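Coordinate-derived values only; no laboratory data. Predicted model, so just to flag it, every value in this text is computed and none were measured. Heads up, the Cβs are rebuilt from the backbone with ideal geometry, glycines too, and the neighbour counts pull from every protein chain shown.
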Amino acid sequence: MEVTRFAPSPNGSLHLGHAFSAIAAHDIAQQRGGKFQLRIEDIDGVRSLPDKPDEFREDLAWLGLEWEEVPAQSTRLETYEAFARNLLARGYLYPCTCTRNEIMALKPRLGPEGAVYPGTCKGQMLDPEKPVALRLDVDRAMAELPELFWEDEVNGTQIADPRPFGDVILVRKDAPASYHLAATLDDAADGVTLVTRGQDLFAMTHIHRVLQELLGLPVPMWHHHPILLGEDGEKLAKRRGSPSLADRRKAGEDGKELAEQLRLGLFPAGITLASA
Ligand code: GLU
Ligand code: ZN
């Protein structure tokens, strides 16, 4: 059975781009007789706002969607720790004490997600007093794994190569997992068969595919849908002043009608769908 998901982080309100994404995942599951899951990605303890999950549920119901909710990330921290310990014991992770400023001072090259960590701490003795993050030794992983592929319904077959990202953080100084580790483990634990999300997260899949192989997880398919852009041609975000779904809901707008419009590709003035 096809299982899709919508996995918002509760650090701000949902906007039209989120509605578009949730509707896409919901409708694909419905068309295929599958299940649509909601997962609250609250790994980010400090930035997670306690009132957001309920607001999200109200937003989705207002759009006329039905879902099955799976456990939030904050309830799964021990699982993340166990998998991270396993990777560490097998030599795929190494500790890093660098701060962002220390990394930027080295003038690192830019990758798909900003500064690429130059590997300073790899193989070094570290100050035991300093807080430690764990990074993936991506060259080691790639040297040991066979060539890996992943299937994207929208973009076709891809060869997994996370090297442009460098040695990404899998265990943060302030949390037992980064987004990459938590989301990859959750998708496997929840039986997700089709990872449905915006094209803005496309490149991340190179990392996730490698993690699946290192951790012996099942391999789903991916569906990266085009994202909505604002008037400035940038990805929609609350901070750019577009009204949130909660604002629209509280103003008495008809959510099911809005969902129908989005399905038809009819967007409010100034909002366009990115060409892939
Ligand atoms: N939690 C992520 C976000 O809100 C989405 C992660 C995913 O879909 O893999 O941007
Ligand atoms: Zn370091």
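Work out how much length Leu106 to Leu126 would gain on full extension: take 0.36 nm times their residue separation and subtract the Cα-Cα distance, in nm to one decimal.
Contour length minus the Cα-Cα distance gives 5.4 nm.
With every atom except the alpha carbons ignored, what do you get for Rg and Dmax of the range 40-96, in angstroms?
Considering the range 40-96 through its Cα atoms, Rg and Dmax are 16.1, 47 Å.
Run the numbers on the range 35-103 and let me know its relative contact order in percent, using alpha-carbon pairs under 8 Å that are six or more apart.
For the range 35-103, the relative contact order is 40 percent.
Sticking to Cα atoms, compute the Rg of the range 1-120 to one decimal and its Dmax as the biggest Cα-Cα distance, whole number, in Å.
Values for the range 1-120 (Cα only, Rg and Dmax): 18.5, 52 Å.
If you plug each phi of the range 49-64 into the Karplus form 6.51 cos²θ - 1.76 cosθ + 1.60 with θ = phi - 60°, what whole-Hz ³J(HN,Hα) values come out, in order, with x for Gly and Pro?
Those phi angles translate into 9, x, 8, 6, x, 5, 4, 4, 4, 5, 4, 5, 5, 4, 6, x Hz.
Per-residue counts of other Cβ atoms within 10 Å, averaged by peptide: what ranking do you get for 149-160, 183-194, 89-100, highest first?
In descending order of packing, they fall as 183-194, 89-100, 149-160.
What does the helix-only formula give at 222 nm for the chain: each DSSP H stretch with n ≥ 4 adding -39500 (n - 2.57), the total divided by the residues, and the result rounded to the nearest 500 deg cm²/dmol?
-9500 deg cm²/dmol
Read phi for every residue in the range 222-227 and hand back ³J(HN,Hα) as whole Hz from Karplus 6.51 cos²θ - 1.76 cosθ + 1.60, θ = phi - 60°, with x for Gly and Pro.
Result, ordered by residue: 10, 9, 9, 7, x, 9 Hz.
Please state, as a whole number in µm²/s, the translational diffusion coefficient that the Stokes-Einstein equation yields for the chain at 4 °C and 1.567 mPa s, with Rh defined as the Kirkwood radius across alpha carbon pairs. Before the final figure, lay out each step's value.
Values: Rh = 19.9 Å.
The calculation lands on 65 µm²/s.
Using only the alpha-carbon atoms of the range 201-266 as identical scatterers, what base-10 log of I(q)/I(0) does the Debye formula give at q = 0.15, 0.23, 0.25, 0.26 Å⁻¹?
Treating every Cα as an identical point scatterer, log10 I(q)/I(0) equals -0.74, -1.04, -1.13, -1.17.
Just checking the chain: which Cys have no other cysteine's beta-carbon under 4.7 Å?
So, Cys98.
Where both residues lie in the chain, what percent of DSSP beta bridges are antiparallel, nearest 5? Walk me through the numbers before you get to the answer.
Numbers: 15 of 27 bridges.
Roughly 55 percent of the beta bridges in the chain run antiparallel, per DSSP.
Where q = 0.11, 0.12, 0.23 Å⁻¹, what log10 of I(q)/I(0) comes from the Debye formula for the range 95-189, counting one point per Cα?
-0.39, -0.46, -1.38
Any of Lys122/Lys173; Lys107/Lys130; Lys35/Lys235 with alpha carbons more than 19 Å apart? Name them for me.
Exceeds cut-off: Lys107/Lys130; Lys35/Lys235.
Cα centroid distance between the range 34-93 and the range 100-124, in Å?
28 Å
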